[in-house]
Amino acid sequence: MEGLGALLLLLLSLCLLAFGLYCGYVRAVHAKYDHIPGPPRVSFLLGHLPTIWRMLKKNELVLNLFIQWAEEYGPIIRFNAFHRVSLMVLSPEGVKEFLMIPQYPKDRITYSKLCAIFGMRFLGNDLVTDLNHDHWYKQRRIMDPAFSRTYLIGLMETFNEKAEELMKKLEEKADGKTELDIMSMMSRVTLDVIAKVAFGLELNTLHDHQTPFPHAVSMVMKGMNEIRVPLVQYMPGKQKLIKEIQESVRLLRRVGKKCIEHRREAIQNEEEVPRDILTQILKGDAAQEKTGDDENILDNFVTFFVAGHETTSIQLSFTIMELGRQPEILERLHAEVDEVIGAKRNIDYEDLGRLEYLSQVLKESLRLYPPIPGTVRWTGKENVIESVRIPGNSSLFFSTYVMGRLEKFFKDPLTFNPDRFNKDAPKPYFTYFPFSLGPRSCIGQIFSQMEAKVVMAKLLQRFEFQLVPGQSFKILDTGTFRPKDGVVCILKPWIITKGSQK
């Protein structure tokens with residue numbers, strides 16, 4: 001017994017020593033960053049986490065707290081959590097420095113979470129998560145031609161086709177009484193578009209969204225939200241959900257593998273193949289003599305499905321939500337669509353450039369409601385931004401959501417005002433970046449905005465819509481930002497042709 005007591009005493013002493021050393025390490029980290037402004041820590045070890053946890057428990061948007069902190073503490077804000085310190089950089093100078101040049105990589109801790117979900121390879125080493133600049137650059141060079149102006153013009157036929165299918169589904173409900181979840185419909189049409197233009201797949205989710213593949217995409221989106229909770233995989237009540245998410249990832253990659261094999265075989269047999277993203281990837285991959293790297297190709301297959309429809313559907317939903325509250329803006333949009341498009345069903349590429357006010361509306365929607373609220377970088381060297389010394393080896397968070405809602409950058413920021421993006425208005429340099437900025441900006445941003453314009457133009461051409469009362473208009477953070485209540489509308493036909501009156 002004496003020996004056991006001595007062993008327990010030794011273990012306790014070692015634990016206390018380890019805890020003491022850890023506390024000393026935390027204090028040393030604090031000393032490295034305490035010259036940077038920030039709110040007082042709630043706890044020595046937990047830092048600001050208790051404040052964040054309270055907001056999450058109430059389903060409040062944490063970034064709204066950072067807006068308050070920015071107004072109180074300035075453009076560089078310190079955030080403590082145990083031994084980690086993150087800095088939010090809300091400075092145009094800082095955005096230009098850290099996002100516009102490639103020497104600052106994405107933060108490893110943040111983006112490694114997306115490489116795998118619950119032990120299943122998810123985004124792997126794709127365009128989003130790849131931290132090696134040289135390898136990322138090779139991937140980007142292979143895919144860039146598939147997002148060139150010439151290629152994108154060729155997509156107008158598919159944009160029109162799928163948007164017309166959506167209009168026909170909406171016409172069935174446009175009786176002035178039926179309540180319709182707009183976000184669900186937008187998610188379906190954007191998923192159908194990316195499937196066809198990227199991989200030659202006809203998913204037809206507008207007609208049947210309960211088929212396995214769309215359901216799998218929905219489940220992996222839930223998985224991206226679940227992995228933000230520490231140790232969630234060990235919670236007893238989550239086991240069924242986690243297994244379904246794992247199987248959904250397997251299904252996406254299994255379908256992707258079949259697509260790759262069939263397309264590669266068709267290319268080798270010199271058969272006619274679609275000029276889509278998959279063909280471009282495989283031909284570029286073969287040109288670089290990297291054939292066989294199918295896991296990396298699968299990574300990008302999953303990425304385009306997840307990101308390629310999610311962000312556009314969210315933007316469209318938020319835009320419709322705001323237009324339902326802005327009758328004057330909506331009336332001006334109807335007038336522009338009537339003038340540019342009239343009654344024709346096929347929207348041309350040239351028409352998109354003439355829909356100038358619609359472009360402004362979509363940009364203003366992204367300012368207030370960016371689907372992806374920000375990005376994270378890692379700096380290995382010491383910097384000085386806004387006269388604040390930023391230590392080397394720091395994690396830096398940049399938020400277009402926060403900067404877009406600060407009075408110092410946008411006058412009366414909570415007002416939905418598309419004229420901010422009028423061609424004669426001052427440009428919001430390095431304060432507005434819903435698709436990020438610099439070399440790591442989103443490869444699909446032009447694609448996304450073309451698709452959004454086609455869908456919105458047809459919607460405005462055919463329908464007037466009213467928001468169902470009682471919606472909160474709040475933002476839900478599920479990894480991406482989305483309307484909390486889904487945007488529930490009632491539709492009626494918009495009887496108008498070019499040059500006529502309603």
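The values are calculated or read from the model by the stated rules, or taken from the named source; none is laboratory data. Quick caveat, the model's predicted, so the values are computed rather than measured. Every residue, glycine among them, receives a Cβ derived from its backbone with ideal geometry; neighbour counts consider all protein chains shown.
If I filter the stretch 188-206 down to residues being at pLDDT below 90 and under 21 Å from the mean Cα position of the chain (by Cα), which single residue comes out as farthest from Ser148 (Cα to Cα)?
That would be Phe199.
Run Glu322 past the list (1) at pLDDT 95 or above; (2) charged (D, E, K, R); (3) over 21 Å from the mean Cα position of the chain (by Cα) and report the number of the one that doesn't hold.
Single failed check for Glu322: (3).
Please tell me if Cys442 is under 19 Å from Asp175 (Cβ atoms) and either of a type outside the set (A, V, I, L, M) or assigned to a loop (DSSP other than H, G, I, E, B) (or both).
Numbers: under 19 Å from Asp175 (Cβ atoms): no; either of a type outside the set (A, V, I, L, M) or assigned to a loop (DSSP other than H, G, I, E, B) (or both): yes.
In short, no.
Across the stretch 148-171, which residue is farthest from Lys344 (Cα to Cα) among those that are of a type in the set (S, T, N, Q) and in a helix (DSSP H, G or I)? Outline the logic, then answer.
The first filter runs over the stretch 148-171 and keeps only residues of a type in the set (S, T, N, Q), leaving 148, 150, 158, 160.
Subset that is in a helix (DSSP H, G or I): 150, 158, 160.
Working: Thr150: 23, Thr158: 16, Asn160: 11 Å.
The selected residue is Thr150.
Taking the stretch 73-88 as the region of interest, how many residues are of a type in the set (Lys, Arg) and either surrounded by fewer than 17 Cβ atoms within 10 Å (Cβ to Cβ) or in a loop (DSSP other than H, G, I, E, B) (or both)?
Of the stretch 73-88, the ones of a type in the set (Lys, Arg) are 78, 84.
Of the ones still in play, those that are also either surrounded by fewer than 17 Cβ atoms within 10 Å (Cβ to Cβ) or in a loop (DSSP other than H, G, I, E, B) (or both) are 84.
Within the stretch 73-88, residues that are of a type in the set (Lys, Arg) and either surrounded by fewer than 17 Cβ atoms within 10 Å (Cβ to Cβ) or in a loop (DSSP other than H, G, I, E, B) (or both) number 1.
Please find, within the stretch 386-413, the residue that is farthest from Gly374 (Cα to Cα) out of those that are of a type in the set (S, T, N, Q) and over 18 Å from the mean Cα position of the chain (by Cα).
Residues of the stretch 386-413 of a type in the set (S, T, N, Q): 387, 393-395, 399-400.
Checking which are over 18 Å from the mean Cα position of the chain (by Cα) leaves us with 387, 393-395.
Numbers: Ser387: 23, Asn393: 20, Ser394: 17, Ser395: 13 Å.
Residue satisfying both the conditions and the ranking: Ser387.
Going through the stretch 89-122 one residue at a time, which ones are crowded, with 21+ Cβ neighbours inside 10 Å and in contact with a helix residue (DSSP H, G or I) (Cβ under 6 Å, 6 or more places away or on another chain)?
Leu90, Leu99, Ile117, Phe122
Could you list all residues from the stretch 170-187 that are closer than 21 Å to Pro212 by Cβ and free of Cβ contacts under 8 Å to residues at least 40 places away in the same chain?
Met185
What is the number of the single condition among (1) surrounded by 12 or more Cβ atoms within 10 Å (Cβ to Cβ); (2) under 25 Å from Leu298 (Cα atoms); (3) not basic (Lys, Arg) that Gln210 does not meet?
Of everything listed in (1) surrounded by 12 or more Cβ atoms within 10 Å (Cβ to Cβ); (2) under 25 Å from Leu298 (Cα atoms); (3) not basic (Lys, Arg), Gln210 misses just condition (1).
List every residue pair whose Cβ atoms lie under 7 Å apart, where the two residues are 6 or more positions apart in sequence or sit on different chains, the first residue falls within the stretch 215-235 and is without any contact (Cβ under 8 Å) to a residue 12 or more places away in the chain, and the second residue, located anywhere, is surrounded by 14 or more Cβ atoms within 10 Å (Cβ to Cβ).
Every condition considered, the pairs that remain are Val232/Glu226; Val232/Lys238.
Suppose we filter the stretch 381-424 for residues that are within 21 Å of Pro105 (Cα to Cα), without any contact (Cβ under 8 Å) to a residue 60 or more places away in the chain and not in a strand (DSSP E or B); how many remain?
Of the residues in that region, 5 qualify.
More than 23 Å from Val193 (Cβ to Cβ), of a type outside the set (Gly, Ala, Ser) and assigned to a helix (DSSP H, G or I): which single residue out of Glu350, Glu331, Glu322, Glu310 fits that description?
Working: Glu350 fails: more than 23 Å from Val193 (Cβ to Cβ); Glu322 fails: more than 23 Å from Val193 (Cβ to Cβ); Glu310 fails: more than 23 Å from Val193 (Cβ to Cβ).
Only one candidate qualifies: Glu331.
How many residues are closer than 21 Å to Ile390 by Cβ and in contact with a helix residue (DSSP H, G or I) (Cβ under 8 Å, 6 or more places away or on another chain) when one looks only at the stretch 42-66? It would help to see each step written out before you state the result.
So in the stretch 42-66, the residues closer than 21 Å to Ile390 by Cβ come out as 47-48, 63, 66.
Pick out the ones that are also in contact with a helix residue (DSSP H, G or I) (Cβ under 8 Å, 6 or more places away or on another chain) and you get 63, 66.
The number of residues fulfilling the criteria is 2.
Out of Lys427, Lys453, I need the residue that is in contact (Cβ under 8 Å) with a residue 60 or more places away in the chain, out of contact with any strand residue (DSSP E or B) (no Cβ under 6 Å at 6 or more places or on another chain) and closer than 25 Å to Tyr357 by Cβ. Which one? Spell out how you get there, then give the answer.
Details: Lys427 fails: in contact (Cβ under 8 Å) with a residue 60 or more places away in the chain.
The match here is Lys453.
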